[in-house]
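Read-outs throughout are calculated quantities, based only on the coordinates presented, and are distinct from any laboratory measurement. Source: prediction; values computed, not measured. Every residue, glycine as well, gets a Cβ built from its backbone with ideal geometry; the counts of neighbours run over all protein chains shown.
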Amino acid sequence: MKKSSFNEYIRFVRHLFVVALEHKAIADSPADDLKQSVGVGIHRPLARDFIAILNDHYATWREARAELNALPLGSATWKE
C-alpha cells in the first residue's frame, strides 16, 4: 500500500471515530494513537513474490494459466 493511501485510510478511520464520538456512540476513540506513515518498513509484494507463492502452493499454475488462456473469450448463449 502506498504511504499516501495508508495515510488516507488513517484519516478516514480517525474521522469515522470523531463522528462516533460526536453522536455519543463511543466514549473514547481507539484511533487517537494511530500514526501516519512516513513510508518506512512498508513491504509491497512484487510479481516475483507472487510467483514464488504460486510455485510453493500451486505447482501446476502455469499449466492452468495456459489452459485458461487457450479458452475463447466471449459469452455463452443460455438456453432456458
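Quick rundown of the values:
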read-out: Fewest-first sequence of Phe17, Phe6 by Cβ atoms within 10 Å of each Cβ; value: Phe6, Phe17
read-out: Extension gain (nm, one decimal) between Glu67 and Ala47, 0.36 nm per residue minus Cα-Cα; value: 5.1 nm
read-out: Sites Arg14 and Thr60, calculated FRET efficiency, Cβ-Cβ separation with R0 41 Å, nearest 0.05; value: 0.35
read-out: Gain in span if fully extended, Lys24 to Asn7, counting 0.36 nm per residue against the direct Cα distance; value: 3.6 nm
